[in-house]
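Visitor: Questions regarding the structure given below will be posed in turn.
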Amino acid sequence: MIRLRNNIILPLALLSAWLLVTKYELFSPYLLPSPQRTFTVFWQLFLDGTLTRHLSISLLRVLGGFFCSCLVALPLGILCGRSTRFHDFFWPVLEFLRHVPPLAAIPLIILWFGIDEASKLMIIFLASFFPLFLNTYGGIRNCDTKLLEVGSSLHFTTWQTARYIQLPAAVPSILVGLQLALGYSWRALIGAELIAASSGIGYMILDAEQMSRPDIVLVGIFCIGILGTLINRLFLKLTCKLLPWQGKAGDD
Amino acid sequence: MPIKIDALTKVYSTAETKVTALAPTTLSFADHSFTTIVGKSGCGKTTLLRLLAGLEEATNGTVSFSTKKPEIGFVFQEPRLMPWLTVAENIAFAIRKGDLSTEKLPQLLDILGLSAFARSYPSELSGGMAQRTALGRTLFQNPDIILMDEPFGALDYFTRKGLQETLLDLFRLERKTIIFVTHDVEEAILLGERVLIMQKGAIIGDIPVKLTYPRDPAASEVLTLRRQILEGLESKNVKVVDQS
């Protein structure tokens, strides 16, 4: 209860400040619409289905890009973590790509993948790939050598060591990678929807900006923030289910 | 003789120096015997044990066994339990090799006093219980030889005493070949049928302990042996025992 109270203090304070600022018109309503106005617009967009349509399209894009990223980053992280040969083969290229922001690659992505869904998925893929790859790689690579030695003492084969020690030991790190990658996917969404999109929450925001409708821009921003937070919460619940052994205090 | 080591040597080389962790050692361990190795920290006890287990490669010399490929179990100084597995799953960890059955698991949990904690995770265990689980993992493997590297070193007096009793019960019941490394002279005498004294990478004493179990730490024979071993450990003139 105390935590819930602490959690809502700052949002309530910000909302109050917003109310006051707009009530006394410290800024022009064209720059900062009031909370009431924003909520009314939100409700209208929700009732006529515009918001649901844009949100569901964006959500599908995020999940699609994230899923593609998982398909490539997880096995590649495991392989590079397990094998020095794989690591040496892939590392120079990956290290180069890691430092290139996905937004910088937009012109080339449009050229190669067109302006359809593929280019948007590619941007989300690029944004979420490295947090997932690096965390998987680190989780496998940094497996406690003492645990690996237990495998040696039990005469485990290389496959058994990977399957029964390295991979389970890397699960917490992989889950952190998945969580970060999901966050990065949401961030990359707006960038992805800048590419000649005609749908999606990013497009809705961009369109509203061009139509001088800051109230719709705010609705879009709130929707991204709230949806991202909800997905993250769901993810944390899943993490608790997958890692029941974490966070239990010893009695010694 | 199930285990015979011949001129076994381990030298750690760095860019600047060479450190001899184990001087050329020739030794044998009888079948179904309980040998303790005692010595100060850094005297080469753990190195000898790790070489026997094949966890490290010898610089020179050989280790041979009477049977072609005996099953060797190793109990480490720390429990080294898999944090994502429960106590029961940790004990049955060797089953992942695919040639063991879980039938004896309840019996083992019972012997080790862990039945009530079978579903607990390592983070919920005390040090003693964690070490019992580690011992259980090695016993579940049903090895011919058990190598133990100061397994009770970090435990309090009472937990250690309890685990020593459990170990002796298991030894009398199953008569495995046990090689137990410790820096505690009293523990070496109370457990071993034979005590090897190590100093500076060499075996400097080999003392048979012909006392019946359980042994009283205050008995005069134990105290005499204790004095004898301590004198050996503190002597400056190291005379290497060669059993070749």
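Any read-out appearing in this document is the output of simple, stated calculations on the displayed coordinates, not a laboratory observation. All of these numbers come straight from a predicted model, not from anything done at the bench. As a convention, Cβ positions derive from the backbone with ideal geometry for all residues, glycine included, and neighbour counts pool all protein chains shown.
Visitor: Between A:Ala105 and A:Ser56, what length in nm is gained on full extension when 0.36 nm per residue of separation is reduced by their alpha carbon distance?
Guide: Difference between extended and current length: 15.1 nm.
Visitor: Something else: If we count other beta carbons within 10 Å of each Cβ, what is the order of B:Cys43, A:Cys240, fewest first?
Guide: A:Cys240, B:Cys43
Visitor: Something else: For B:Ala118 and B:Arg226, FRET efficiency with R0 = 30 Å and r from the beta-carbon atoms, rounded to 0.05?
Guide: The value I calculate is 0.20.
Visitor: Can you put A:Cys68, A:Cys80 in order of Cβ neighbours within 10 angstrom, beginning with the fewest?
Guide: Listing A:Cys68, A:Cys80 from fewest to most nearby Cβ atoms yields A:Cys68, A:Cys80.
Visitor: Less than 15 Å Cβ to Cβ from A:Gln36, Lys/Arg counted +1 and Asp/Glu -1: what total charge do the surrounding residues give?
Guide: It works out to a net charge of 0.
Visitor: Counting only other residues whose beta carbon sits under 13 Å from that of B:Arg160, what net charge do I get with K and R as +1, D and E as -1?
Guide: Net charge in that neighbourhood comes out at -4.
Visitor: Just to confirm a number: summing +1 for Lys and Arg and -1 for Asp and Glu over residues other than A:Arg187 whose beta-carbon lies under 14 angstrom from that of A:Arg187, what do you get?
Guide: Around A:Arg187, the charge tally is +1.
Visitor: Could you line up A:Val176, B:Val11, A:Val93 from fewest to most neighbouring Cβ atoms inside 10 Å?
Guide: Final ranking by Cβ density, sparse to dense: A:Val93, B:Val11, A:Val176.
Visitor: For chain B, find the longest principal axis of its Cα atoms and tell me its angle to the long axis of helix B:220-234, 0 to 90°, nearest 10.
Guide: It is inclined by approximately 60 degrees.
Visitor: To the nearest whole number, what is the average tally of beta carbon atoms from other chains within 10 Å of the beta carbons of peptide B:76-82?
Guide: 4
Visitor: Follow-up. Report Rg/Rh for the stretch B:78-143, rounded to two decimals, where Rg is the Cα radius of gyration and Rh the Kirkwood radius.
Guide: Checking Rg against Rh, the ratio lands at 0.92.
Visitor: Along its three principal axes, how long is chain B when you only count alpha carbons? Whole Å, largest extent first please.
Guide: Result, largest extent first: 53, 45, 35 Å.
Visitor: Same structure again: Hey, can you grab everything whose amide H is under 5 Å from the amide H of B:Ile178? Only 5+ residues off in sequence or another chain; H modelled, so Pro and N-termini drop out.
Guide: B:Ser33, B:Phe34, B:Thr35, B:Ile146
Visitor: Right, something else. Calculate the FRET efficiency for A:Ile226 and A:Asp144 from the Cβ-Cβ distance with a Förster distance of 35 Å, rounded to the nearest 0.05.
Guide: 0.35
Visitor: Do the alpha carbons of any pairs in B:Lys18/B:Lys176; B:Lys10/B:Lys161; B:Lys4/B:Lys97; B:Lys40/B:Lys68; A:Lys146/B:Lys97; B:Lys45/B:Lys161 sit beyond 25 Å of each other, and which pairs?
Guide: B:Lys18/B:Lys176; B:Lys10/B:Lys161; B:Lys4/B:Lys97; B:Lys40/B:Lys68
Visitor: Sticking with this structure for a sec: Roughly what % antiparallel, to the nearest 5, for the DSSP beta bridges in chain B?
Guide: 50
Visitor: How much of the calculated P(r) for chain A lies past 27 Å, in percent of all Cα pairs?
Guide: 52
Visitor: Based on the Cα gyration tensor of the protein assembly as shown, what are the three equivalent ellipsoid semi-axes, each the root of five times an eigenvalue, rounded to whole Å and given largest first?
Guide: 64, 26, 19
Visitor: Angle, helix B:157-174 long axis vs. longest principal axis of chain B, Cα atoms, 0 to 90°, nearest 10?
Guide: Compared with the principal axis, the helix lies near 90 degrees.
Visitor: In addition: Using all C-alpha to C-alpha distances in the stretch B:65-181, build P(r) with 5 Å bins and read off the rounded percent in each one.
Guide: P(r) for the stretch B:65-181, in whole percents per bin: 2, 12, 23, 25, 22, 11, 3, 1, 0.
Visitor: Please tell me the relative contact order of the stretch A:41-242 in percent, rounded to the nearest whole number, where contacts are Cα pairs under 8 Å and at least six residues apart.
Guide: Once divided by the residue count of the stretch A:41-242, the mean separation gives 28 percent.
Visitor: Give me the number: length gained by fully extending A:Asn6 to A:Glu25, i.e. 0.36 nm times residue separation minus the C-alpha to C-alpha distance, one decimal in nm.
Guide: 3.9 nm
Visitor: Let me ask something additional. Compute the distance in nm between two label points, each set 7 Å from the Cα along the Cα-to-Cβ direction, one at B:Asp206 and one at A:Arg98.
Guide: For B:Asp206 paired with A:Arg98, the spin-label model returns 5.5 nm.
Visitor: Using per-residue counts of other Cβ atoms within 10 Å, averaged over each peptide, order A:83-90, A:221-228, B:137-144 from highest down.
Guide: B:137-144, A:221-228, A:83-90
Visitor: Tell me which of A:Gln160, A:Leu206, A:Ser83 sits at the most positive position along the dipole axis of chain A, charges placed on C-beta atoms (Lys, Arg +1; Asp, Glu -1).
Guide: A:Gln160
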